[in-house]
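First comes the structure, then the notes that go with it.
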Amino acid sequence: MIELGSRERKQSPPAHIVWESLTDPRRPGGRQWLDLRSDEVEPRILRAVKPELVVWSSLWPERPDDEIRFDIRPADSGCNLRWTLLTPGEIPEQAVIGRLRYRLNFLINAQLRFSFGQ
């Protein structure tokens, strides 16, 4: 797998809460933060190890083999969450990489974080 991008940020909730939000973003009573666009699809959970790892399938039908890996590490008053975008295929053009990274960063480091009141 080739890394196309990665970013780590602190999240205020503990690791197990972030893990639950990533493994079941649509659960009843949960924070509704995963707002997909019309050109995106619901991710499938490919791998999960509570509370430290979640791997999603691609959000983008035009890039079905990509994966999104989430590494969750406990930290003082919360956890650190790193997303990493991976591809087994050819590296796309820089404009495509930039668009995918921007979208993941918005979903994780804005939408998810803000759902916890950060």
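The table below gives the values:
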{"item": "Å² of accessible area per residue within the chain, as computed with a 1.4 Å probe and no ligands counted", "result": "53"}
{"item": "Distance histogram for the chain (every C-alpha pair counted, 10 angstrom bins, percent rounded to whole numbers)", "result": "14, 49, 31, 6"}
{"item": "Computed FRET value (nearest 0.05) for D76 with E52, which takes r as the C-beta separation and R₀ as 25 Å", "result": "0.90"}
{"item": "Choice from A75, A95, A15 with maximal GNM fluctuation in the chain (Cα, 10 Å cutoff)", "result": "A95"}
{"item": "Whole-angstrom Cα spans of the range 25-81 along principal axes, big to small", "result": "38, 26, 15"}
{"item": "Extension reserve of the S115-A95 stretch, reckoned as 0.36 nm per residue once the Cα distance is removed", "result": "4.3 nm"}
{"item": "Largest-first ellipsoid semi-axes for the range 56-105, taking √(5λ) over the Cα gyration tensor eigenvalues, angstrom", "result": "25, 12, 9"}
{"item": "Test item: Cα-centred dipole of the range 1-78, Lys/Arg +1 and Asp/Glu -1 on Cβ, debye", "result": "320"}
{"item": "Under DSSP loop assignment and at most 12 Cβ neighbours within 10 Å, longest trypsin sites (Lys or Arg not before Pro)-free interval of the chain", "result": "45-118"}
{"item": "Amide hydrogen neighbours beyond the local backbone of G5, cut-off 5 Å, H modeled", "result": "L85"}
{"item": "Per-residue SASA entry for D71, accessible area with 1.4 Å probe, Å² rounded to 10", "result": "40"}
{"item": "Estimated [θ] at 222 nm from DSSP helical runs (n ≥ 4, -39500 (n - 2.57)) normalised by residues in the chain, nearest 500", "result": "-5500 deg cm²/dmol"}
{"item": "Those residues of the range 44-63 whose amide nitrogen sits under 15 Å from the label point placed on I2, 7 Å along Cα→Cβ", "result": "63"}
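The values are calculated or read from the model by the stated rules, or taken from the named source; none is laboratory data. Computed from a predicted structure; not experimentally measured. A quick note on method: Cβ atoms are made from the backbone with ideal geometry, for glycine too, and the neighbour counts reach across all protein chains shown. SASA here: full protein model, heavy atoms, side chains in, ligands and nucleic acids out. Shrake-Rupley method; radii C 1.70, N 1.55, O 1.52, S 1.80 Å.
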